[in-house]
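First the structure, in the form of structure tokens, and then the observations on it.
The values are calculated or read from the model by the stated rules, or taken from the named source; none is laboratory data. These figures come from a predicted structure and were not determined experimentally. Here the Cβ is made from the backbone with ideal geometry for all residues, glycine too, and neighbour counts use every protein chain on show. The protein model used for the area step is the full one, side chains on, heavy atoms only, and it has no ligands, DNA or RNA in it. Shrake-Rupley method; radii C 1.70, N 1.55, O 1.52, S 1.80 Å.
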Amino acid sequence: ITLMLSGGGGWLLAGRALRPIDSMTRTANRISAEHLSQRLGVSGSDDELDRLAKTINDMLDRIDSAVQEMRRFSADASHELQTPLTILKGEIEVALLKQRSPSEYEQVLHSSLEEIDRINKLVEGLLLLARADVGALKLDLQPVDMAQLCRHLCDQLQPLARQEEIELRYGDFNSVVIDGDDLQLQRMLTNLIDNGIKYTPAGGQVDVSVEKGDGEAVIRVQDSGPGFGAEDADKIFDRFHRAPQARQQHNKGPGLGLSIARSIALAHHGKIEVESVPGSGSIFSVRIPCLGSAESGA
């Protein structure tokens, strides 16, 4: 009888102790990509099981956030790809409705080529961001003089600035050398300068400066565009995001330039900061460790 009572009591106690685990198991089995909002129950006793449930819930929060971001990214990418494809398809269909002159066909081909270039740039940007996300963005590191690179890019972008009636200004920079990938750095700085030109109204200015401070190369791109508020400062580097003022000023481009620039800066152990006030322009600052500094070898 004593053995039976002890066994029965042990069975009841074990069942009571394992009941929260059974509940956690049933809840976990119901969680899937379509039902990531469910969470494990917490009793409030702050015991080992509660701490385990909280840890799993925190992990589910991160997974849910990543999945939602991926879904938004896929939807935005699909939308951006759909627009040039629709234009391309429509122009070709119209061209084939009747016999046309060689010059008309040539015009359609030129327009189609522009849309193909637009698609190609979008796909290249998405691939670069995808590689950066998984840490697979390969860099061909070599000494790069950021002052010389900025001067070269400003000279290249002068025709675009003049076309938009923007004054692109830059000074005589002192040499500031970093360990970087010349091609990717060109892409990063071109995106930043082009962004300033694109969103600055005619008659405005874009100023580019390079200096060395605290073992870092500091590149600043300041524009006299519409600027944006603090609520957009946290989102300005998100993919496909454009501040409302910028969207009103200029409706071209998918909104990947700043996101790509940030990914390239991070790949060089650097960062990008932004300061902006609505109606007073913006200042984008890139900070990358100089060659030989402790951070550059991180």
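Side notes on the structure shown:
- Set Gly196, Gly125: member being farther than 18 Å from Val210 by Cα, buried (at least 18 other Cβ atoms within 10 Å of the Cβ) and touching a residue at least 12 places away in the same chain (Cβ under 8 Å): Gly125
- Residues of region 248-298 classified as touching a His at 6+ places or on another chain (Cβ under 7 Å) and modelled with pLDDT of 90 or more, total: 2
- Region 171-193: number of residues that are open to solvent by 20 Å² or more (accessible area, probe 1.4 Å), under 27 Å from Phe240 (Cβ atoms) and aliphatic (A, V, I, L, M): 1
- Index of the failed condition, Lys98 passing every other in (1) part of a helix (DSSP H, G or I); (2) open to solvent by 100 Å² or more (accessible area, probe 1.4 Å): (1)
- Some residue of region 61-76 being free of Cβ contacts under 8 Å to residues at least 24 places away in the same chain and surrounded by 14 or more Cβ atoms within 10 Å (Cβ to Cβ): no
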